[in-house]
Amino acid sequence: MATTHVFVGLLLAGAVAFVAPQFAAIAAIAAIVGGLFPDLDVVANHRRTLHFPVYYWLPAGLTGALALAVPTTMTVGLAVFFLVAAVHSLSDLLGGSHELEPWDGTVDRAVYSHYHGRWLGARRWVGYDGSPGDLALAGALAIPILFLFDGVVQPIVIGMLIVSISYALLRRPIAASLKRGLERPERDTPNERGLESINE
């Protein structure tokens, strides 16, 4: 789930906040944006258009080095954003395949690697997005975050947990409804029915 990726990012941001508390706020914001950003391609070619399991690491390394040399709100924010986006893209390998019903395992496509020029296979360490295992992982990641950050981050995390639970409960019914809609044959239009009656 996108929320699970955000929680991973917030844990990474928590390390930044522990070492440099003055950058806690920007690190948290960058982690949330970086965790969600790759999944914005759900409206295009999901897990391909904005997922870069290899290429994100180059700007992550460069901005990370820059943040260490010149720590500012901008450099730290960029470093955390690219790091979390890179981890998100790479960690999609550990989940299920990219298909409507990934629990069937009929497709072996986890995330597209532009570097390799092909889809990388799913490891399925976490069954699929919205699986009970995914929800358990999200909950386990969220608990320490509630202690690492205070202020507005805590209600955001709680809100994301609620979204995660709702998504996990609805994941299979939504997929089943979409599948039925895709498989349903198109009904004849009124004009087509009229022509059929004339021909008879």
Of the residues V84, V6, which single one is out of contact with any Phe, Trp or Tyr (no Cβ under 9 Å at 6 or more places or on another chain) and closer than 19 Å to A138 by Cα? V6
Of all residues in region 80-117 being without any contact (Cβ under 8 Å) to a residue 24 or more places away in the chain and not charged (D, E, K, R), which is farthest from L135 (Cα to Cα)? G117
S166 is checked against (1) closer than 22 Å to G34 by Cα; (2) without any contact (Cβ under 8 Å) to a residue 12 or more places away in the chain; (3) within 19 Å of the chain's Cα centre (by Cα) and fails just one. What number does that condition carry? (1)
Check off (1) open to solvent by 20 Å² or more (accessible area, probe 1.4 Å); (2) modelled with pLDDT of 95 or more for A67 and give me the number that stays unchecked. (1)
Given the conditions (1) more than 26 Å from I29 (Cα to Cα); (2) open to solvent by 60 Å² or more (accessible area, probe 1.4 Å); (3) at pLDDT 95 or above, report the number of the one that Y112 does not fulfil. (2)
The one condition in (1) modelled with pLDDT of 95 or more; (2) open to solvent by less than 70 Å² (accessible area, probe 1.4 Å) that A17 fails to fulfil: (1)
Residues that are under 25 Å from G127 (Cβ atoms): which helices (runs of 4 or more DSSP H) entirely in region 1-105 hold 2 or more of them? 2-19, 24-36, 73-91
Within region 138-170, residues being of a type in the set (A, V, I, L, M, F, W, C) and open to solvent by less than 70 Å² (accessible area, probe 1.4 Å) number 13
Taking G133, is it part of a helix (DSSP H, G or I), over 15 Å from V6 (Cβ atoms) and not polar (S, T, N, Q)? yes
Residue check, L50 against (1) modelled with pLDDT under 95; (2) in contact with an Asp or Glu (Cβ under 6 Å, 6 or more places away or on another chain), all met but one. Which one? (1)
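The values are calculated or read from the model by the stated rules, or taken from the named source; none is laboratory data. Computed from a prediction, not measured in an experiment: that's the story for all the values here. No Cβ is skipped: glycine too gets one built from the backbone with ideal geometry, and neighbour counts run over all protein chains shown. Note: areas computed on protein heavy atoms with side chains; ligands, DNA, RNA excluded. Shrake-Rupley method; radii C 1.70, N 1.55, O 1.52, S 1.80 Å.
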